[in-house]
Structures are given as C-alpha cells and as structure tokens.
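Some notes on the structure that comes next.
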Amino acid sequence: MKRKSVLITGASRGIGRAAAAAFAKGGYDLVLNCIHSGKELNSFAGKLREEFGIQTLCCCGDVSSYAFVCRMFEEIADFCKGVDVLVNNAGISYIGLLEEMPYEEWERVLHTNLTSVFSCCKCAIPYMVAQKAGRIINVSSDWGVYGASCEAAYSAAKGGMNALTKALAKELAPSNVQVNAVACGVIDTDMNTGFDEEERRCLEEEIPAGYFAKPEEVAEFLYQLAETPPYLTGQIIAFDGGWM
Ligand code: NAP
C-alpha cells in the first residue's frame, strides 16, 4: 500500500523540523523545504529515512516565490504524485514600528507568511481533489487573531492566513479536503531568541501554562490534526497554553 506523504515548509528548524520527525514516526513519506539550511535539512532527512524506513525529498528554496513553489511541485509529482498533507509552516517575523518599516520588509513578511500559503495550496489542491482526500494545516499565530504591537505586518499576514483557512475550508469541504490553522502562542524556537532572561520570565508568567511550548508539543498536535476526520474543518485552533 502507498504510504501517505506530507509536505512541510520551513522544516530545517523549530516547529517544522519537529513536525517532520512526528510525521516520519507516523510512517509518512516526507517532502521537506527550507530556504537557507539545505545541508542540515538533507542530513536530518537522511537520519529520518534510516530510523523510520520512509522516503524523503528535500527541496531547498524560497516559498515566497511562486515560481519556486511550482518547480517544487514538479519534483513532488515525480517523487510521490502529490501530497496527502500540506503543512504551511515556513514563516518569518519582523519586529518594529509600522511607520519605520521599509516597504520591502512588508513585502517580504507578507509573501513569506501568506503568499507562500496561496502558492502551496494552489499547487497541492488538484491532487487532493482528484483523490477526494487531503489535509491542509496552516501554522498560524495568536497575533493573527488579536494583533500585536510592533508586529503589524506579521499579524496582518497571519490574520490573512486565518481568513484564507476558513474560506478554503468551505471551498474544499465538498471534495473531502480538510483545512485548518493552528494559532500558536509562544513556542521555544529560534524565532524567540530575542528575549533576554527577564523578558522571558515575564512572558512565561503571563502564560497560564507557565512556559514556552516545545516545538515537539506543537508537532505532535499537527500530526494528530492530520489524522482527524475531515468533518473537523475551517477551524483556527489556539495552541497557546491558555494565553489568549
Ligand atoms: P524558526 O525556528 O525561525 O524556523 C523557520 C523555518 O522557516 C526555517 O526552517 C526556515 O528555513 C524556514 N523559512 C523561512 N523563510 C522561508 C522561505 N522564504 N522559504 C522557505 N523556508 C523558509 O520558526 P518557528 O518558530 O519554528 O516558526 C514556524 C512557524 O510557526 C512560522 O510560520 C511562525 O510564524 C509560526 N509561529 C511561531 C511561533 C513561535 O513562538 N515560535 C508563534 C506563533 C507562530 P532556514 O533554516 O533555511 O532559514
């Protein structure tokens, strides 16, 4: 029987890397993407192949580029025809006042966090619809729901991702394709290395669970979500330790 396959964008570090390990453990073939850390991604994929006896394909490139995403899906077509699960995880943050934000940074944040989701969904959907099965999981943020001062572009991109999730879920439910978003709170990854000890302690005190979640905790949830019935769709699910 053909193993199920998953594409995880931004899989070299943080949540994406942990998600790759969780899906590999679940027996999925993996298509893994990142932009800069191709060497690390390849060696990590090799380890997962050896440990779990799965197949892997690494596609290093910029998911904010529609042309790159199209090329990646051509490789995917040769590798496994199409993916059963798409995890739109690649993302970047930008911290600073909107009035001081260069236009190019606005574009970079919007294209990396949101346009990439359009591109990957557009390319993944035809196979899913033809199979009458598929799962799309968008890794979003509490800021996409509530907004964050000094992260206006990031909040706008994740808010767009949430609206896209709800709209696409309605569009694809008749084809038995599930679309959900997981709105993370604070996860202990490179994205949060900017906090000093005092800032981190204050933030942890604000979170009812009392700590930054490990990427492995989110990853396990992403994997479990991909295994839920497709009737669970169009949801923005907070994964934030009760924070918001
Ligand atoms: P991270 O540790 O900084 O890792 C980011 C990943 O995205 C890396 O694999 C990076 O690849 C990849 N990436 C960045 N730009 C890319 C591009 N243009 N094309 C392809 N890959 C790209 O981030 P993280 O904390 O795991 O975050 C993952 C997702 O969770 C993001 O969407 C983020 O917005 C969301 N999130 C995170 C938090 C949090 O607290 N950490 C909270 C809410 C939401 P390279 O290694 O090659 O650079």
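Can you tell me what percent of all Cα-Cα pairs in the stretch 119-160 are more than 11 Å apart? Provide the component values of the computation, followed by the final result.
Details: 587 of 861 pairs.
Roughly 68 percent, rounded to a whole number.
Where does the chain land at 222 nm, in deg cm²/dmol rounded to the nearest 500, when only DSSP H runs of n ≥ 4 count, each adding -39500 (n - 2.57), divided by all residues?
-14500 deg cm²/dmol
Taking just the C-alpha trace of the stretch 73-230, give me its Rg and Dmax in Å.
When restricted to Cα atoms, the stretch 73-230 yields Rg and Dmax of 17.0, 52 Å.
Taking only protein heavy atoms and a 1.4 Å probe, what accessible area per residue, in Å², does the stretch 98-194 have with all protein chains in place?
I get 43 Å² per residue for this part.
Suppose we keep just the alpha-carbon trace of the stretch 184-244; what are its Rg and Dmax in angstrom?
Both quantities, over Cα of the stretch 184-244: 13.6, 43 Å.
Using Cα pairs under 8 angstrom and six or more residues apart, how large is the relative contact order of the stretch 1-116, in percent?
28
Please report Rg (one decimal) and Dmax (integer) in Å for the Cα set of the stretch 149-198.
Answer for the stretch 149-198, Rg first and Dmax second: 15.3, 50 Å.
Please give the direction-averaged projected area of the C-alpha convex hull for the stretch 63-102, in square nanometres with one decimal.
Projected area, direction-averaged: 4.0 nm².
Reachable aspartates and glutamates from LYS47, Cα under 16 Å, same-chain residues fewer than 8 places away excluded?
LYS47 reaches ASP29.
Take the cross-link list LYS25/LYS170; LYS39/LYS158; LYS81/LYS214; LYS132/LYS166; LYS2/LYS25; LYS81/LYS158 and give me the ones stretching past 27 Å between alpha-carbons. Mind dumping the intermediate values first?
Values: LYS25/LYS170 31 Å; LYS39/LYS158 29 Å; LYS81/LYS214 33 Å; LYS132/LYS166 19 Å; LYS2/LYS25 16 Å; LYS81/LYS158 29 Å.
Table pairs above 27 Å Cα-Cα are LYS25/LYS170; LYS39/LYS158; LYS81/LYS214; LYS81/LYS158.
Along the Cα→Cβ direction, 7 angstrom out, place labels at LYS25 and ALA167. What is the inter-label distance in nm?
If labels sit at LYS25 and ALA167, their model points lie 3.6 nm apart.
Sort all Cα-Cα distances of the stretch 19-125 into consecutive 5 angstrom bins from zero, then give the percent of pairs in each bin up to the one containing the longest distance.
2, 12, 20, 22, 18, 12, 7, 4, 2, 1, 0
Placing +1 at every Lys and Arg Cβ and -1 at every Asp and Glu Cβ, with all other atoms neutral, what dipole size does the chain have around its Cα centre, in debye to the nearest 20?
I would put it at about 1420 debye.
Given the protein chains as shown and a 1.4 Å probe, how many square angstrom of MET191 are accessible, to the nearest 10?
Its accessible surface works out to 90 Å², give or take rounding.
Among ALA183, GLY241, GLY134, whose Cα sits farthest toward the positive end of the charge dipole of the stretch 134-244 (+1 at Cβ of Lys/Arg, -1 at Cβ of Asp/Glu, about the Cα centre)?
Positive-end residue among those listed: GLY134.
Over the residues of the stretch 138-244, compute the C-alpha Rg and express it relative to 2.2 N^0.38 Å.
1.15
The values are calculated or read from the model by the stated rules, or taken from the named source; none is laboratory data. This is a predicted model, so every value here is computed, not measured. For neighbour counting, all protein chains shown are included, and Cβ atoms are generated from backbone atoms with ideal geometry for every residue, glycine included. In case anyone asks, the SASA skips ligands and DNA or RNA and just uses the protein heavy atoms, side chains included. Shrake-Rupley method; radii C 1.70, N 1.55, O 1.52, S 1.80 Å.
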